[in-house]
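The values are calculated or read from the model by the stated rules, or taken from the named source; none is laboratory data. All values reported here derive from a predicted model rather than from experimental measurement. Note that we place each Cβ from the backbone using ideal geometry, even for glycine, and neighbour counts take in every protein chain shown.
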Amino acid sequence: MFDVFLDKILEISNDEKSKTFKEQTKSVSEFVKILTDEQIKSIVKEIGTIPECIKASSSAEKLFSKSSDIILSRAFKMLGLKSKAIDERGDSADVLAESVYHKYSLVADAKCFRMSRTAKNQKDFKVAALSNWRGGENEYAVLVSPYFQYPKEESQIYKTALDENVCLLAWEHISLLLENNIKESENFSLESIWESSKMIARESKVSSSKMCFLPKLNKIVSKKLGASENDFAEKLNQCKLTIVARGSTEIAYCENRIEDIKKLTKEQAIGELIKETKLEEKINVINSFISSLETDEEAEE
């Protein structure tokens, strides 16, 4: 199902000449709306990884990132919350959610990374910003990133999350909750997950505040699943196998691209390089800027 979803994202993003990004986002929302819960579960398993077939910093990558917000919002609904993805705007959370039964609300931010990206720092996760985006009306802030892309040992993001009570959740956690049909009700709340960092902070020493606390979070999530720690570890391992399989797909794509490039003539290779670096587009933008300056000078005269 993820491949179908990806094809749809690429199809919509290729229509950028006749549609604004806001219109493209609406098209993705309408597509996600008609998907079944089972299809959403399938997409959640892989949405955390940006495919290598999507060019970096492209309109398709931007739309894929936005689609992860839409998928996360749908996942929250499946967990029994009211939720919506926010239209593009600066300095705000991407997803809002509210408990139907337990009178709390949260802001959330969905993160996706390429497997080929190695350098990730606290700026990539925006934990402090997410805390600020909750404002005064939302109790919780939740970051959802790929589990195995979080720093494995020590990082400032863990200290910030503990200090600011930001829940560092993973797509794998969301996936396991959905697969086990976990849903809020009048007698069942997910609130302990959203406030997990606050709970973990109570038990943490200042000297170890930067250490990875995901194992402690796993215990909290496993309780909501009604699973033992060993069972949860096995479930998480199954998620890892899905990622390994996806890795093979990404490697195959890269290898095929290498073979395609090897077949190019010198002229074709030069053309592809110029296209890839977008140098001609940059020249056009610079010329347009210069022309506007010259127009301003003539108007002043």
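Values as computed for the structure displayed
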{"item": "Of all residues making up region 21-58, the number that are farther than 26 Å from residue 277 by Cβ and either assigned to a loop (DSSP other than H, G, I, E, B) or polar (S, T, N, Q) (or both)", "result": "12"}
{"item": "Filter result for residue 13 (within 18 Å of the chain's Cα centre (by Cα), at pLDDT 90 or above, polar (S, T, N, Q) and buried (at least 16 other Cβ atoms within 10 Å of the Cβ))", "result": "no"}
{"item": "Residue tally, condition farther than 17 Å from residue 50 by Cβ and not β-branched (Val, Ile, Thr), over region 236-263", "result": "12"}
{"item": "Complete set of residues in region 36-49 that are over 28 Å from residue 125 (Cβ atoms) and aliphatic (A, V, I, L, M)", "result": "none"}
{"item": "Residue list for region 179-231, restricted to those being within 19 Å of residue 102 (Cβ to Cβ) and of a type in the set (A, V, I, L, M, F, W, C)", "result": "182, 188, 190, 193, 194, 199, 220, 221, 225"}
{"item": "For residue 71: the one exception among (1) touching a residue at least 60 places away in the same chain (Cβ under 8 Å); (2) in a helix (DSSP H, G or I)", "result": "(1)"}
{"item": "Output for region 42-82, where each listed residue is among the polar types (S, T, N, Q), under 14 Å from residue 111 (Cβ atoms) and crowded, with 19+ Cβ neighbours inside 10 Å", "result": "49, 67, 68"}
{"item": "Some residue of region 47-54 being under 18 Å from the mean Cα position of the chain (by Cα) and either within 22 Å of residue 97 (Cα to Cα) or of a type in the set (Lys, Arg) (or both)", "result": "yes"}
{"item": "Filtered residues of region 264-277 (kept if under 20 Å from residue 52 (Cα atoms) and loosely packed, with under 10 Cβ neighbours inside 10 Å)", "result": "276"}
{"item": "Within region 51-82, tally of residues that are among the polar types (S, T, N, Q), modelled with pLDDT of 95 or more and more than 14 Å from residue 25 (Cα to Cα)", "result": "0"}
{"item": "Unmet criterion (only one of (1) in contact with a Lys or Arg (Cβ under 9 Å, 6 or more places away or on another chain); (2) under 24 Å from residue 185 (Cβ atoms); (3) assigned to a helix (DSSP H, G or I)) for residue 61", "result": "(2)"}
{"item": "Contacts under 7 angstrom Cβ, first residue in region 190-202 being within 14 Å of residue 144 (Cα to Cα), partner in a helix (DSSP H, G or I), 6 or more apart", "result": "193/220; 193/221; 193/224; 196/217; 196/220; 197/161; 197/162"}
{"item": "Filter result for residue 95 (over 26 Å from residue 148 (Cα atoms) and surrounded by 22 or more Cβ atoms within 10 Å (Cβ to Cβ))", "result": "no"}
